[in-house]
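The values are calculated or read from the model by the stated rules, or taken from the named source; none is laboratory data. On a predicted model such as this, the values are computed, not experimentally measured, just so you know. Cβ coordinates were reconstructed from backbone atoms using ideal geometry, including for glycine residues, and neighbour counts include every protein chain displayed. Note: areas computed on protein heavy atoms with side chains; ligands, DNA, RNA excluded. Shrake-Rupley method; radii C 1.70, N 1.55, O 1.52, S 1.80 Å.
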Amino acid sequence: MMKFIKIDENSRVPKYQQIIDSIIHNISIGNLTMDEKIPSINMFSEEFYLSRDTVEKAYSILKERNIITSIRGKGFYISRTKLISKVNVLFLVNKLSNYKLITYNYFIDSIGPNSHIDLQVYHCDETLFSNLIDKNKSAYDFYVIMPHFTADGYKHVSFPEKALSLLKKIPLDKLIILDNVVPKILDGALGKIHQDFENDIFNALSEGLNRIKKYKKIVLVFPEKSVYPYPKRILFGFRKFCVKHKLDFEVLDTIYDDTVLKKGDLFITIREPDLVNLVKQIREDEFNLGSDIGVISYNDTPLKELLGITVISTDFKIMAETAAKIIVNKKKTSLKVPFNIIERESL
């Protein structure tokens, strides 16, 4: 390995960082391979006339990033051969929905090529989340996490105790929380980019009040029990809006195959399957979408825009781009993401 390592005595880059960069570069171009043994700290320091502390610091950082590993009594070995970029990010989401993937793709586009992003899904499961965090809590430069969990009875919870205790083990200057409000114990996190579910839906519907109030009844389709539960604050904000403006309303768990539709109804759907089933029934019953029956969907997609579906939606592009900028600039940021109504033909 020694013939591949380059240490520049005249460089302003610290010697330990030169060791790290050189080993990573040689892994990326194939000079160093998985399970290959590398020199001991003493051998390395003697070869390049470096202090033992300098080499030890470099090896320690490489071990934290899971690039090398040490075996007691045997020495150090290469443990990772995937292309190592300057910045390694763990992007942890609760589910692979359209919106999570949109956010992830915007993040990839924004952060640029000098990074390696690992996308992991924990399916709202606290145990799976905890295993992923415990396994990777020192392997990445940054951790971008969307915290949504399933509690007993399919209820939504943002930060269960076990998950929160593990997040506290991640250095706050490496932690970026997306999509959900951060508890006080994590206030020092590098990034806090959140929605305000209760006030977001209340304010967005208030923006469209003039068109909404022409309908006789407002129906929110909100799944109370789901493997991937939704924040109850959405439901609270909807009720607050209807009560304030004295609107007749109802909450359904799902759109049934034979849901009763009446002229003058306005439906607000959260899940994609409910939206599809609703629009299908409106057409089958020969109602006019947007005049006889109105439809508002939660969170925008290109397909909804194409079909003329009115949406109330957060700005996933801003959410993702802000997270990427935090990492690139290493600047602490807190942001409430914009959330608005986009009025189309279905309202």
task: For residue 162 and residue 214, compute 0.36 nm times the residue count separating them, minus their Cα-Cα distance, and round to one decimal in nm.
output: 14.0 nm
field: Proximal lysines to residue 246, defined as alpha-carbon separation beneath 23 angstrom and excluding residues fewer than eight positions away on the same chain
entry: 213, 214, 216, 217, 232, 262, 263
query: Measuring from a point 7 Å past the Cα of residue 3 along Cα-to-C-beta, which residues in the range 37-61 have an amide N at less than 16 Å?
result: 39
- prompt: How many nm separate the modelled label positions at residue 336 and residue 303, each set 7 Å beyond the Cα in the direction of the Cβ?
  reply: 3.2 nm
- prompt: Along its principal axes, what span do the Cα atoms of the range 199-347 show, with the longest given first and each in whole Å?
  reply: 55, 32, 31
Dipole moment magnitude, nearest 20 debye, the range 189-347 about Cα centre, only Lys, Arg, Asp, Glu C-beta charged: 920 debye
message: Can you give me the angle between helix 126-136 and the longest principal axis of the chain, using Cα atoms only, in degrees from 0 to 90, rounded to the nearest 10?
response: 30 degrees
- prompt: Normalised by the number of residues in the range 47-116, what is the relative contact order in percent for Cα pairs under 8 Å and 6+ residues apart?
  reply: 25 percent
query: With the other protein chains left in place, how much accessible area per residue, in square angstrom, belongs to the range 198-314 at a 1.4 angstrom probe?
result: 49 Å²
message: Rounded to the nearest 20 debye, what is the charge dipole size of the range 2-78 about its Cα centre when +1 sits on each Lys and Arg Cβ and -1 on each Asp and Glu Cβ?
response: 160 debye
message: Let me check against my output: what whole-number percent is the relative contact order of the chain, with C-alpha pairs under 8 Å and at least 6 apart?
response: 14 percent
field: Charge tally in the Cβ shell below 13 Å around residue 42, where Lys, Arg are +1 and Asp, Glu are -1, residue 42 excluded
entry: -3
query: Can you give the convex hull volume per residue for the Cα atoms of the range 281-325, as a whole number of Å³?
result: 73 Å³
Rounded Å value of the spacing that divides the Cα centres of the range 240-262 and the range 176-209: 25 Å
message: Just to confirm the number: angle between the C-alpha axis of helix 52-64 and the first principal axis of the chain, 0 to 90 degrees, nearest 10?
response: 30 degrees
message: Need the list of aspartates and glutamates near residue 240 for cross-linking: C-alpha distance under 17 angstrom, and skip anything on the same chain fewer than eight residues off.
response: 196, 198, 200, 207, 248, 250
query: Roughly what would the spin-label model give for residue 37 and residue 280, points 7 Å off Cα along C-beta, in nm?
result: 6.4 nm
- prompt: For helix 98-111, what angle does its Cα long axis make with the longest principal axis of the chain, in degrees from 0 to 90 and rounded to 10?
  reply: 40 degrees
message: At a threshold of 8 angstrom on Cα-Cα distance, excluding pairs fewer than six apart, so keeping six or more, what relative contact order does the range 198-314 reach in percent?
response: 26 percent
message: Charges on Cβ only, +1 for Lys and Arg, -1 for Asp and Glu, centred on the Cα centroid of the chain; of 163, 307, 73, which one is farthest towards the dipole's positive end?
response: 73
- request: For Kirkwood radius over Cα pairs in Å, several values are listed as (i) 20.8; (ii) 23.0; (iii) 22.2; flag the one computed from this structure.
  value: (ii)
Share, in percent, of DSSP beta bridges within the chain that are antiparallel, nearest 5: 25 percent
task: Would you please name the trypsin sites (Lys or Arg not before Pro) within the range 126-181 that are DSSP coil residues with at most 12 other C-beta atoms within 10 Å of their C-beta?
output: 168, 169
query: Around residue 188, what is the net charge, scoring Lys/Arg as +1 and Asp/Glu as -1 over all other residues with Cβ under 13 Å from its Cβ?
result: +3
task: Using a 1.4 angstrom probe on heavy atoms only, work out the carbon and sulfur share of the accessible area of the chain in %.
output: 50 percent
- prompt: Can you count the Lys pairs in the range 67-164 with C-alpha separation below 19 Å, eight or more apart or on different chains?
  reply: 6
task: For the range 3-92, run through the chymotrypsin sites (Phe, Trp or Tyr not before Pro) and keep only the ones in DSSP coil with at most 10 other Cβ atoms within 10 Å of their Cβ.
output: 49
